[in-house]
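Derivation of every value follows stated rules applied to the coordinates shown; laboratory data play no part. Quick caveat, the model's predicted, so the values are computed rather than measured. When we count neighbours, we look across all protein chains shown, and the Cβ atoms used for this are built from the backbone with ideal geometry, even at glycine.
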Amino acid sequence: MNLDPSHHRPWRRIDRRVSRKIRVGNVEVGGDAPITVQSMTNTLTADAEATIGQIRQLVEAGADIVRVSCPDVESTAAFSTIVKASKVPLVADIHFHYKRGIEAAEAGAACLRINPGNIGNAQRVKDVVQAARDNGCSMRIGVNAGSLERDLLEKYGEPCPDAMVESALFHARILQDLDFHEFKISVKASDVFMTVAAYQQLSEVIDCPIHLGVTEAGSLRTGAIKSAIGIGNLLWAGIGDTIRISLAADPVEEIKAGFDILKSMGLRHRGVNIIACPSCARQGYNVIKTVEALEERLAHISTPLSLSIIGCVVNGPGEALMTDIGFTGGGAGSGMVYIDGKPDHKMNNEHMLEHIVELVEAKAKSIDANQSVSALPQSGSAQRGPAIAAEASLAHVAAE
Ligand code: SF4
């Protein structure tokens, strides 16, 4: 049996750009590693307790990596306490102050977000690279259209993709000249067009892993949409190894939005993917309220599975066919429950919410149990196909 859905669903196939792989602590970034989702704390880093609390929330939401600002010595002092309490690797965000970079590396940072060309003379750069090397710390070069070097702005007249890529390569060369290759790069702009063009160009001239983001994207809604367009476009082209959605919102929302983008593209799955209709006069129950309640009640589930919540038989049976569990509104205050794509039993609208929660929890348990006895990822319905497609796609990349 051919388990590769790209065999019969070629339109779902994404071939990832081949990059080399680096490590951010125990998390691999690049190569055939899954695309990771990261966010950044917005607490005062010197307040270790608050920062640890926020990191826990981010990890609960699924964060693979968390970045923490280290603007002053109080922050790097607190950083070692924070690192010890964190279940995921931490990236220390450093701007200009090379000593903060050394302190953060010594305090256990898994990665330094630092632009080596901005931290002063060659000796300082050497010292930071040595500290990174000694402490098993990788680096991220983070180019931002809003803070390009003056000479590049003079050369190009304004921030543009060419200037961003030139800046990235300038910083990369400094690390390469010191024989340090454990780095990834980002080239972010708040403008989606500039972001996409800069990443496209970058992906053609260097083989390091790429950290994707649209910077200062905006509020929860507009920022998520902007990011989905920019990051989605790049991921679709196979570009990007780790993502951060920048939102002027609770950082937990950044993780949720990141997974939603990856889920939509079949690149990675986490938690319940709820497929819902917008509802209309035909709905047999209140779809919108039900979906809101289910999102909240099912937020604790990390097992990838799909659930269709559809108002009536116009689209209900068809969507249910492709999901693990489905509910389709019917007449007389009840609807049909679908299991593994097949109509299974009727349920009163009144008790449907509790019932669906129980069914999803039980299904998640059974998927987890099956996966622990089988290494094959094929359990569940066709809607989870994209996860397999992505894995097949990675295998394709790895085989090249
Ligand atoms: S599935 Fe039914 S209730 Fe939902 S939008 Fe379509 S017609 Fe309306």
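Annotations
- Using θ = phi - 60° in the Karplus curve 6.51 cos²θ - 1.76 cosθ + 1.60, the 3J(HN,Hα) couplings for the range 314-329 round to 4, 10, x, x, x, 5, 4, 4, 9, 10, 5, 9, x, 9, 10, x Hz; x is entered for Gly and Pro.
- By the rule of a C-alpha distance below 16 Å, with chain neighbours fewer than 8 residues away ignored, the lysines paired with LYS126 are LYS99.
- Under-5 Å amide H pairs with LEU212, H placed in peptide plane, nonlocal only: ASP241, THR242, ILE243, ARG244
- Normalising the average separation of contacting C-alpha pairs (under 8 angstrom, six or more residues apart) by the number of residues puts the relative contact order of the range 95-168 at 29 percent.
- Put a plus charge on the Cβ of each Lys and Arg, a minus charge on the Cβ of each Asp and Glu, and nothing anywhere else: the dipole of the chain about its Cα centre is then about 480 debye.
- Once the Kirkwood radius over Cα pairs is known for the range 34-264, the Stokes-Einstein relation at 20 °C and 1.002 mPa s delivers a diffusion coefficient of 122 µm²/s.
- Helix axis angle, 349-373 relative to the chain longest principal axis, alpha carbon, degrees: 60 degrees
- Dipole of the chain computed with +1 at Lys/Arg Cβ and -1 at Asp/Glu Cβ about the Cα centre; of GLY53, ASN315, VAL125, farthest Cα towards the positive end is ASN315.
- Computed from the Cβ-Cβ distance with R0 of 30 Å, the FRET efficiency linking ALA122 to VAL59 stands at 0.20.
- Here the chain was treated as a single set of alpha-carbon atoms; its pair distances binned every 10 Å from 0 give 5, 21, 29, 24, 13, 7, 2, 0 percent.
- Overall, the range 177-329 carries a charge dipole of about 660 debye about its Cα centre when +1 sits on the Cβ of Lys and Arg and -1 on the Cβ of Asp and Glu, all other atoms neutral.
- Charge sum, other residues only, whose C-beta stays under 14 Å from ALA163's C-beta, Lys/Arg counted +1 and Asp/Glu -1: -4
- For the chain: relative contact order, % (alpha-carbon pairs under 8 angstrom, 6 or more apart): 15 percent
- Among ILE243, ALA77, VAL337 - extreme Cα towards positive end, dipole of the chain, charges at beta-carbon: VAL337
- Residues GLU358 and VAL73, FRET efficiency given R0 of 60 Å [Cβ-Cβ distance, rounded to 0.05]: 0.70
- In this structure, the residue pairs whose Cα-Cα separation is over 24 Å, taken from LYS21/LYS155; LYS87/LYS188; LYS188/LYS263; LYS87/LYS226; LYS188/LYS256; LYS226/LYS263, are LYS21/LYS155; LYS87/LYS188; LYS87/LYS226.
- Radius of gyration, Dmax [the range 272-387; alpha carbons; angstrom]: 13.6, 46
- Stokes-Einstein D in µm²/s, Kirkwood radius over Cα pairs - the range 14-96 at 4 °C with 1.567 mPa s viscosity: 96 µm²/s
- Cβ-placed point charges (K, R +1; D, E -1), dipole of the range 34-264 about Cα centre in debye, nearest 20: 300 debye
- Segment ARG133-HIS345, length gained on full extension (0.36 nm per residue, minus Cα span): 70.3 nm
- Between ASP15 and ALA248, residue separation times 0.36 nm minus the direct Cα-Cα distance comes to 80.7 nm.
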